[in-house]
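Reviewing the structure listed below.
The values are calculated or read from the model by the stated rules, or taken from the named source; none is laboratory data. Keep in mind the model is a prediction, meaning the values are calculated, not measured. Note that we place each Cβ from the backbone using ideal geometry, even for glycine, and neighbour counts take in every protein chain shown.
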């Protein structure tokens, strides 16, 4: 079922696999890469993503619904304005951080759409957010990470393949600046006007400022000054990357892991020496299932 939205006429109906063993207790929302679509990515992942003990995500989670949305068809600057399914525009495939501003409109619209799917699952399917997994590969992973950081509550888990975080350098700048201000600590003077007339607010820590940066990026209101226990950063994150990935080099994924770790996210990082731009079978599937077993309550709820 497609969530009700003002964008319903724009977005294609997601490719959806219903639970093989009702009742429906979990939902996986998994995002395809550049130029693919929900059905193509979904069928291949569920059919070929088999663990060493012959389990797929679908057989490991028989009570789960799997939702594979499809991105809008965009003219992608990096592909000479060719029209392909893409979650956001990119200026260059060789330098992913060049002219990141062209990504903003797509990040705003696509993250709003994915948040609407998450909210639909919570409201219409009566799922707790801890029973929702978000993830994706490449372009879809980048959007998924942005969406995760824009939430004002945690979900069950995030699973990212071939990861890159849009505007990571800017997020790192925010973290460094907040750290420098925190170390300065005693600079309490009022620069403009008298203190009685000044607008006074509590300083926000690096984590809160980083989340506010992402929320502002996707046109959402800022969070409160204190990062509460409902922070999306309490969501455990799996990041897997191939060392031979020439599309999104593995240092991008490692950088994402380091940035999230600096924000106190529980990150599981795996590098696969012989893997290019895809997922490794069976090793990475084994690792994803182990991550979901060890870091979430999802597999335990199947018992």
_Some residue of the range 62-80 being touching a helix residue (DSSP H, G or I) at 6+ places or on another chain (Cβ under 7 Å), within 22 Å of residue 164 (Cα to Cα), part of a helix (DSSP H, G or I) and in contact (Cβ under 8 Å) with a residue 40 or more places away in the chain_ = no
*Applying the selection to the range 81-90, what residues are under 16 Å from residue 114 (Cβ atoms), in a loop (DSSP other than H, G, I, E, B) and either in contact with a strand residue (DSSP E or B) (Cβ under 6 Å, 6 or more places away or on another chain) or without any contact (Cβ under 8 Å) to a residue 60 or more places away in the chain (or both)?*
86, 87
*Right, residue 150: over 19 Å from residue 247 (Cα atoms) and crowded, with 20+ Cβ neighbours inside 10 Å or not?*
yes
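With 106, 135 as the choices, which residue is at pLDDT 95 or above and in contact with a strand residue (DSSP E or B) (Cβ under 6 Å, 6 or more places away or on another chain)? First the steps, then the outcome.
On the way: 106 fails: in contact with a strand residue (DSSP E or B) (Cβ under 6 Å, 6 or more places away or on another chain).
None of the others qualify; the one that does is 135.
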*Which condition number does residue 97 fail, the rest of (1) touching a helix residue (DSSP H, G or I) at 6+ places or on another chain (Cβ under 8 Å); (2) part of a loop (DSSP other than H, G, I, E, B); (3) modelled with pLDDT of 95 or more being met?*
(3)
*Where residues in the range 51-61 are within 16 Å of residue 159 (Cα to Cα) and touching a residue at least 60 places away in the same chain (Cβ under 8 Å), which of them is surrounded by the fewest Cβ atoms within 10 Å (Cβ to Cβ)?*
56
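Does residue 173 fit the bill of being surrounded by fewer than 24 Cβ atoms within 10 Å (Cβ to Cβ), touching a residue at least 12 places away in the same chain (Cβ under 8 Å) and farther than 25 Å from residue 32 by Cβ? Spell out how you get there, then give the answer.
Numbers: surrounded by fewer than 24 Cβ atoms within 10 Å (Cβ to Cβ): yes; touching a residue at least 12 places away in the same chain (Cβ under 8 Å): no; farther than 25 Å from residue 32 by Cβ: yes.
No, not satisfied.
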